[in-house]
Amino acid sequence: MVMAGACGSSSPAATKGAPPTGSGTANTTTTSAPAAATAAPGATTPAAPAAGAVVKDILGADVDPPGAPGRTLTLIRYTIPAAAKLAPHIHPGVQLASIQSGTLTYTVLSGTIPVKHPNGNTENLVGPTTTKLHPGDVVTEVDGVVHYGANDTTEPVIILATLLTEDGKDLAIPVTQPGS
């Protein structure tokens, strides 16, 4: 299994700080262990990702949107290839993520994450726990909840997410777990 950086996180090779602003602005980042590569902001053709790399397409972002000064609103699509595993991380704000395709092995190490299923039922995942997320499942990840995902299948997992995070901070912050 390929270990990848946290979803939305930046490495020294990636641009730090708030994502680009304005509608239609795209920024593609690929993350693989140990480094990440970022396409130039506004690039129309993303760089080819390395084998096993998680692709993060920032579909749009707005710094200090109405009603949320000091925050950045981001719409992002994650593509997690087969055998990739994200590092444990938190988000400096909140992420609302929907599984679009594939099956994600999802682990909550600490904290509680609600999962809304397509049938309307909601279950609370209380860490430490691991479950499978399927298309239509939606998770709400709040600041301080340590979690990660892995693709244990042979097909990519596609996730569409919206984040409301602190201005100037990475979308995800890796967390080192004891014994790791």
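Of all residues in the range 71-85, count the ones that are part of a loop (DSSP other than H, G, I, E, B) and either of a type in the set (A, V, I, L, M) or without any contact (Cβ under 8 Å) to a residue 12 or more places away in the chain (or both). Working first, answer last.
The initial filter retains those residues of the range 71-85 that are part of a loop (DSSP other than H, G, I, E, B), namely 81-83.
Cutting the leftovers down to either of a type in the set (A, V, I, L, M) or without any contact (Cβ under 8 Å) to a residue 12 or more places away in the chain (or both) gives us 82-83.
Of the residues in the range 71-85, 2 are part of a loop (DSSP other than H, G, I, E, B) and either of a type in the set (A, V, I, L, M) or without any contact (Cβ under 8 Å) to a residue 12 or more places away in the chain (or both).
Selection of first residues in the range 104-121 that are in contact (Cβ under 8 Å) with a residue 60 or more places away in the chain and under 22 Å from Thr176 (Cβ atoms) and of second residues that are among the aliphatic types (A, V, I, L, M) and surrounded by 16 or more Cβ atoms within 10 Å (Cβ to Cβ), restricted to Cβ pairs under 6 Å at least 6 apart or on distinct chains, gives the following pairs, ordered by first then second residue: Leu109/Val146.
Tally up the residues in the range 146-180 that are on the phi < 0 side of the Ramachandran plot and in a loop (DSSP other than H, G, I, E, B), please. Don't jump to the end; show me each part of the working.
Within the range 146-180, the first condition is being on the phi < 0 side of the Ramachandran plot, and the residues that meet it are 146-167, 169-178, 180.
Cutting the leftovers down to in a loop (DSSP other than H, G, I, E, B) gives us 151-156, 167, 169-172, 175-178, 180.
Going through the range 146-180 one residue at a time, the tally reaches 16.
Among the conditions (1) more than 19 Å from Gly52 (Cβ to Cβ); (2) out of contact with any strand residue (DSSP E or B) (no Cβ under 8 Å at 6 or more places or on another chain), Thr130 misses just one, which is (2).
The condition of being aliphatic (A, V, I, L, M), more than 19 Å from Pro81 (Cβ to Cβ) and surrounded by 15 or more Cβ atoms within 10 Å (Cβ to Cβ) holds for only one of Leu109, Leu104, that being Leu109.
Within the range 126-145, can you find the residues that are aliphatic (A, V, I, L, M) and either assigned to a loop (DSSP other than H, G, I, E, B) or surrounded by fewer than 17 Cβ atoms within 10 Å (Cβ to Cβ) (or both)?
At the first step, the residues of the range 126-145 found to be aliphatic (A, V, I, L, M) are 126, 133, 138-139, 142, 145.
Matches in the range 126-145: Val126, Val142, Val145.
We did not get these values from a lab; they are worked out from the coordinates using the rules stated. Bear in mind that the values here come from a model prediction, so they are computed numbers and not experimental data. Here Cβ is always computed from backbone atoms with ideal geometry, including for glycine, and neighbour counts include all displayed protein chains.
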